[in-house]
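A short write-up of the structure that comes next.
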Amino acid sequence: MSVPVRRSAKPKPKPSYESLGFGKFFSDHMLIAYYSESKGWHGVEIKPYEPFSLDPAASVLHYGQALFEGMKAFRQESGKCVVFRPEFNWQRMVEGAKRLCMPMPSETQFVSWIKEVVRVDQDWVPNKKGASLYIRPTLIGTEGFLGVRPANEYIFFVILSPVGSYYSEGLAPLKIWIEEDFLRAAPGGLGATKAAANYANSLRAAFEAKQKGYSQVLWLDVERKYVEEVGTMNVFFVFDDEIATPKLDGTILAGGVRDSVITLLKSMNKKIVERKVTIQEIKDAALNGTLKEVFGTGTAAVISPVGELGSKNWKTTVQDGKTGPVAKALYDTLTGIQYGQLPDKFGWVQSV
Ligand code: COI
């Protein structure tokens, strides 16, 4: 059943490609759906992008019942708009919703709602490789009360933002700070979920890293011994004899691009292992020359090469501060599939 659409009376001018950056502009419409215990999911509609009102006691405002996803729609060379692996995001959001005691739309609802709102605003999907329409599905507790318990009412909404590069560096390699004081996640916590709380927790470390001239932080585990992930992306290390990425152990976000990159590396006959990676082995490999490349993966970040790793008493450049061949091949292949320039062997893109 299609979602009712209330069209905007005042369509906005589209931003130029050069001005896009990340998350600064929003399309004309949004999707909204309501949940209550008695009615389940109801009232879904696509309507003009606009503020909504919340009870000041809403659980999202006090106890952080907020979960989101990041997805993208691409305009292919034929003009067709596609979304990338929407079921992957649904599955991850389901796991997060369970952890935060929130209800989730079904897979069919989630995927069809995303496609419908993108279809309504398909003119907002940029017509340029490197740019896309970022999709932000969000789930919040809206019931107003002050007892600490899961809310009985929720809103699921989807907003759309035309984006270019996430980083101001564009595709140039990033400087990443190894964070030895602040902690992103601990076993049993929220690390594997895309809870808004994880991002609130990351802000101070990112702010301090920026002051030192670094773009983001590399998070370590609770012992400050193992590598976990970078601020807004998963991380891969290219050694002489293998490519390694931290294995998913409950504290790391299971990225869709991470998963896709593992599949692509296998299809390129590269040795890719998901395992525990110590920060000491990264330092040793940098010293003895066996650390060839470091790069991050994410929906917003795509494939982002890392050109420098720094910490309180150690730093190294990686791949002479330039993009390495593995990161370049992955970027070209992934974006080739997304923009329809390469065959979609893995069935990752779907027309809206
Ligand atoms: C994404 O890559 O979609 C993210 O959510 C990262 C960040 C922009 C929060």
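Listed values, structure above:
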item: Which numbered condition residue 112 misses (of (1) at pLDDT 95 or above; (2) touching a Phe, Trp or Tyr at 6+ places or on another chain (Cβ under 7 Å); (3) among the hydroxyl-bearing types (Ser, Thr, Tyr)); result: (2)
item: Residue match in region 84-99 (condition: at pLDDT below 95 and of a type in the set (S, T, N, Q)); result: no
item: Total residues in region 122-146, condition in a loop (DSSP other than H, G, I, E, B), within 21 Å of the chain's Cα centre (by Cα) and at pLDDT 95 or above; result: 3
item: Wholly enclosed strands (runs of 3 or more DSSP E) of region 225-320 bearing at least 2 residues more than 16 Å from the ligand (Cβ to nearest atom) and assigned by TED's automatic domain parsing to the domain that holds residue 334; result: 234-239, 243-246, 272-275, 291-298, 302-311, 314-317
item: Hits in region 41-77 (condition: without any contact (Cβ under 8 Å) to a residue 12 or more places away in the chain and surrounded by fewer than 14 Cβ atoms within 10 Å (Cβ to Cβ)); result: 42, 43, 51, 53
item: Condition check for residue 293: crowded, with 20+ Cβ neighbours inside 10 Å, closer than 17 Å to residue 174 by Cβ and of a type in the set (Asp, Glu); result: yes
item: Verdict on residue 194 being touching a helix residue (DSSP H, G or I) at 6+ places or on another chain (Cβ under 6 Å) and at pLDDT below 95; result: no
item: Tally of residues being under 21 Å from residue 89 (Cβ atoms), within 16 Å of the ligand (Cβ to nearest atom) and part of a loop (DSSP other than H, G, I, E, B) across region 23-78; result: 5
item: Residue identified as in contact with a Pro (Cβ under 9 Å, 6 or more places away or on another chain) and on the phi < 0 side of the Ramachandran plot among 201, 234; result: 234
item: Residue within region 80-89 that is without any contact (Cβ under 8 Å) to a residue 12 or more places away in the chain, surrounded by fewer than 19 Cβ atoms within 10 Å (Cβ to Cβ) and more than 19 Å from the chain's Cα centre (by Cα) present; result: no
item: Residues (charged (D, E, K, R) and farther than 24 Å from residue 12 by Cβ) located in region 22-68; result: 37, 39, 55
item: From the options 277, 352, 306, residue that is closer than 23 Å to residue 168 by Cα and either of a type outside the set (A, V, I, L, M, F, W, C) or crowded, with 17+ Cβ neighbours inside 10 Å (or both); result: 306
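The rows are residues; the columns are (1) within 21 Å of residue 180 (Cβ to Cβ); (2) among the small types (Gly, Ala, Ser); (3) surrounded by fewer than 23 Cβ atoms within 10 Å (Cβ to Cβ).
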position: 206; (1), (2), (3): yes, yes, yes
position: 225; (1), (2), (3): yes, no, yes
position: 229; (1), (2), (3): yes, no, no
position: 232; (1), (2), (3): yes, no, yes
position: 243; (1), (2), (3): no, no, yes
position: 249; (1), (2), (3): yes, no, yes
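Conditions (1) among the hydrophobic types (A, V, I, L, M, F, W, C); (2) under 28 Å from residue 138 (Cα atoms), marked per residue:
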site: 164; (1), (2): no, yes
site: 173; (1), (2): no, no
site: 180; (1), (2): no, no
site: 185; (1), (2): yes, yes
site: 192; (1), (2): yes, yes
site: 203; (1), (2): yes, yes
site: 217; (1), (2): yes, yes
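The values are calculated or read from the model by the stated rules, or taken from the named source; none is laboratory data. Remember, predicted model here, so these are calculated numbers, not experimental data. We place every Cβ from the backbone using ideal geometry, glycine too, and count neighbours over all the protein chains shown.
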